């Protein structure tokens, strides 16, 4: 019974991204249909309101996809006991996605589809370069929450510093190195060699 429940939870989690993918595909199809119908149709309303309709479709489906994806991300990290990491990553995802969506909608309303694609892409690149270190630490923090190479209370040695892990955050890991607090960026934790003190086994404790 326990095995079937575990399999069910895994199956549900693996499918949870499907709604966002389906909505994105439906949105793209609808936008393409709107463009083609406006091009071939003689209906004055559809021709004159094409840009507004496309902008509304981008906004509607874009927001839906972002919310579904961010909810999926938060849910998976919550299951792994990294709720705070999930909340932070969801906020970053929303900020970047809504910024790109806003510029895309503005460009479409300006009657320039090519500009919409270009502005959206450039905006994403600018945000990515401007927040390269922040995003890198966020992604590294997410992998730390998933992989869990150490937990709070473990004794570790990293970058020549030893201490007890006090907090595992999204941006950094905090260790207590006796006479000082050491904040280690998540990217550094993922890219340098790390030593963790072995826990004593029951046999060793009994023998001692």
Two-site label geometry, residue 157 and residue 59: point separation in nm, points 7 Å out along Cα→Cβ: 5.9 nm
Extension reserve of the residue 167-residue 192 stretch, reckoned as 0.36 nm per residue once the Cα distance is removed: 7.1 nm
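Any read-out appearing in this document is the output of simple, stated calculations on the displayed coordinates, not a laboratory observation. All of these numbers come straight from a predicted model, not from anything done at the bench. In this analysis, Cβ positions are derived from the backbone assuming ideal geometry, glycine residues included, and neighbour counts consider all displayed protein chains.
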